[in-house]
1. Taking the Cα atoms of the range A:131-220, what is the range of coordinates along each of the three principal axes, in descending order and whole Å?
2. Out of all DSSP beta bridges in the range A:322-470, what portion is antiparallel? Express it as a percent rounded to 5.
3. Please work out the Cα convex hull volume for the range A:479-547 and give it in Å³ per residue.
4. Any idea what log10 I(q)/I(0) is at q = 0.18, 0.20, 0.21, 0.22 Å⁻¹ for the range A:214-265, Debye with uniform C-alpha scatterers and no solvent?
5. Would you kindly state how much longer the chain becomes between A:Glu250 and A:Val310 on full extension, computed as 0.36 nm times their sequence separation minus their alpha carbon distance, in nm to one decimal?
6. Quick one: net charge of A:Thr435's neighbours, Cβ under 10 Å, K/R +1, D/E -1?
7. Could you work out, for the range A:322-470, what percent of all Cα-Cα pairs fall into each 10 Å distance bin, beginning at 0 Å and stopping at the bin that holds the largest distance?
8. Please state, to two decimals, what the Cα-based radius of gyration of the range A:163-294 comes to when divided by 2.2 N^0.38 Å (N = residues).
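Every read-out reported here was derived from the displayed coordinates using simple, explicitly stated rules and does not represent laboratory data. Just so it is clear, the structure is predicted and the values come from calculations on it, not from any experiment. Because the Cβ atoms are built from the backbone with ideal geometry, glycine has one as well, and the counts that use them run over all protein chains shown.
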Amino acid sequence: MIQLANPWGLLALLALPAILAIHMYHRRFLPLEVAGLHLWTSQTRQSLAGRRREKLPITWSLIFELAAALLLAVVLSEPHVGGLNQAVHLVAVLDNSASMSAKPPGRDTLSFRDAAVKELEGRAAKLPRGSVVTLILSGHRPVMLAGPAVPWSEAKPRLDQWQPISPRHAFEPAWDLALQLVEAAGRILFISDHLPSDKDTPEKLECVAVGRGLDNMAISDARWTFDASTGKGQVFLRVQNRSRRPLNLELQGRAGERVVFRRSAALAEEGASSFEADVPGGLGKLSVELVSEGDGLALDNRVELIEPRVRAVTAAVEVPDASSARAVRKVLEALTDVQIGEQAAAHLVFAPAGTLPESNPRRWWAGIGPMSRASGDLEAAKDIAGPYLCDKRHPLLDGVVLAGVVWGGVQPIEYDVTPLVSSGELVLIARLNGTRAVEYVFNIDLSRSNLADSPDWPILLANFVELRRESLPGLPRGNYRLGEDVRFRLFEGDGDTSAAAGQLSLLHNGKSKSIARTSLVEIPAPEEIGVFDLKDGENLIGRFAVNFFDAEESDLRGLVPGRRSASVKTTASSIALDDPYSWAILALLAVIIAAILADWLVLKRT
Amino acid sequence: MLNDLEVQRAADTYQLGLPKSPAAGRSGELLGRGTGSSLEFQEYRQYVPGDDIRHLDWGAYARSDTLMVRLFREEISPRTEILLDASRSMTSGGALKQHVARQLAALFALLSGRLGGRPAVMLLDDRECVPLGLDSLGRLEAHAFVGRATPAELLSDHRVPLKRRAVRILISDFLFPHDPAALVRRLATEASALWLVQLLSGWEAAPTLLGGRRLVDIETALESDLVLDRGTIDAYLQRLSALKHELLRNCRRAHAVFVSLVADRGLVSLCRDELCSAGILRIA
């Protein structure tokens, strides 16, 4: 079937009757007067006055000119014969989740990723000449691996570098991007290890699943804690058997070449087990490897852990009331890595709420009531049994429920505050506005309240301390999950004391990436696993590890191969990017030029 | 045309190659076939009354008592009829053809006149044919070659006043449909000598490749679209050669002379080569 990309080109066919008319009425032979015409030919005719209609002379010139005009019309109309010249835009969405890295047991088997590449290569080989492809990797933020609309030769090298590693994510953003790129014409191909739900996929989407059910053993969680008091650390590991049969496993922790711990166990089908190992302090980095027979996914068998750094918080308790001070101290002493010290060196201060502190960004402040110790104010203070309105979004109140708490000694607050906990019109906990420091007011008289005896009190203070600890300069943690953003404070206050040190950069696997130098540094979730170094100029200021922990991606049992065609056929006809100079068009152009030259030669001879 | 430099030079160089015994003519410088009063002795015969007694050979009478009359070759001044084809065909191929034709006519007339003959140039066209003598040859140059009638048609229609025993010279291209045998027979009848001079233009004698052309007969206005390639030209040349051959064959049969000239060679070359070779001219 022949399709015309530019039907208007057929208007060139109007040249055919024009050429015929010219040959019909135009006297092509120049007149030459001779004597003795009978000696030249016996076929003569009597010329009459005026132009007369003659029989159309079928000459080579006429044939060549008609052929040139006809072929020119064909070229201008850009014919596409069948699929040979029907260029399409293939938009392929590749499932970038880590499960695509799984590989069935056996030496000659292909991983799901390799099978996807092979499938795509097969599709590309069948594409008509001049077709283009766009490769999109799924993820929380879809990534265009190649494109938009590039030749397959350009996309192939990028496809070879593709290594699926993302944790579980939705495919819709990638599909939406594909639909935007493919527009009205073209095909969308989604290659995954499983077929998505039929009702969730777009109508234009053709789905190919290259996965199959596999057994897998995975490290689903890993932590490394350090006790500064003992100088020892402890590694917690959780291993899950994502298979339908019992499997033996062996865990091995190494610090460099040194084996720090080794564990062996047998896990029942779909079973899970936790492992703990004491590790000495000062190891810095630990590599844990899981070995299991018939394991489908290697990505979740290895974790890199960074030894946590002690980030101690110094707190000063300046509350004059002894019972209140005791209630605060009791909680602070129970918290790890918190030391009680003098106000001048403290990161946070518990002080009377009635006296506002100096505004110091490096020193957080918690004002403990009562707001006024005047007898009249104390008598007028109210005791409240609820209900309490809490701003649950605030991290200070994370886990705070205030069930059964009697809030006593509540007085009006005359400061400019933002309420965090209130009851009716009374503000119970609030953050002070108009100050550079982080300052909270606890509008409470602990001697008249049972808050200090409730579970909410240590939670409240622990939240306060941890918030302060997180705001200390440096990485708050050493180990992150893949897909987790990394945030840390580079410096406190207005001034960057390390500004002269150099450029802030993130190093991983020999690649360096610049980071904006601000007080609060936010590193978007790294897309690779491993150990990352933070450097300020040439100085190493931090190190963290990113590991793959995703129980859903580690579960390969439900994967099945399959195909599902698009429910709506796209009109994959010619597209604007089609190369108009295909070999057929070039051949036609050559024939046109030859016809014109032949016509010129014929006319020259005549 | 008599003042034409080439004609004058040729007239000074050549003379007409007339036959030894022209058929007839007034008393002149050429010997006639009959007896006359020239000094060239021819034969004796017996005196019959009426003979010129000045030619009695008294010596023979003394020896034989028989009156014998000495007969001398008569000297004649031949009439030369120069028939110049003045049809449009003589204008084909440019102006050179008709110019040389006029030169030839003038040269023949001039040479004939120098021999004491009575040249009469007759322009053959549609108009009434009025012989031009030497004194009126000036009209030759002004005469336009616009006739459409061919010499064959004019002769068959008796529109050419031919005299008996005249030397006839026909200058034409002969590129008109005709029967060479009939034409030569007609011209040779009662002519003391007949010369047919065919004058062609250079392209007519040797056409070049011109490609596609609409050939238009300059006289009949008939036309035909032809591609003047090698094959067409070869066919034309074959027919032209056959025409020449027929004219030549019939001329031989009638004791006439046929010569074919190419106007592009010029009068001087034509006189020196072709006309001398054919015996129409000889060095004076």
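1. The Cα atoms of the range A:131-220 stretch 42, 33, 23 Å along the principal axes, largest first.
2. Antiparallel bridges make up about 60 percent of those DSSP assigns within the range A:322-470.
3. 77
4. These q points yield log10 I(q)/I(0) values of -0.72, -0.83, -0.88, -0.93.
5. Working it through step by step, the gained length comes to 18.5 nm.
6. Local net charge: -1.
7. 11, 45, 37, 7, 0
8. Ratio of Rg to 2.2 N^0.38 Å for the range A:163-294: 1.52.
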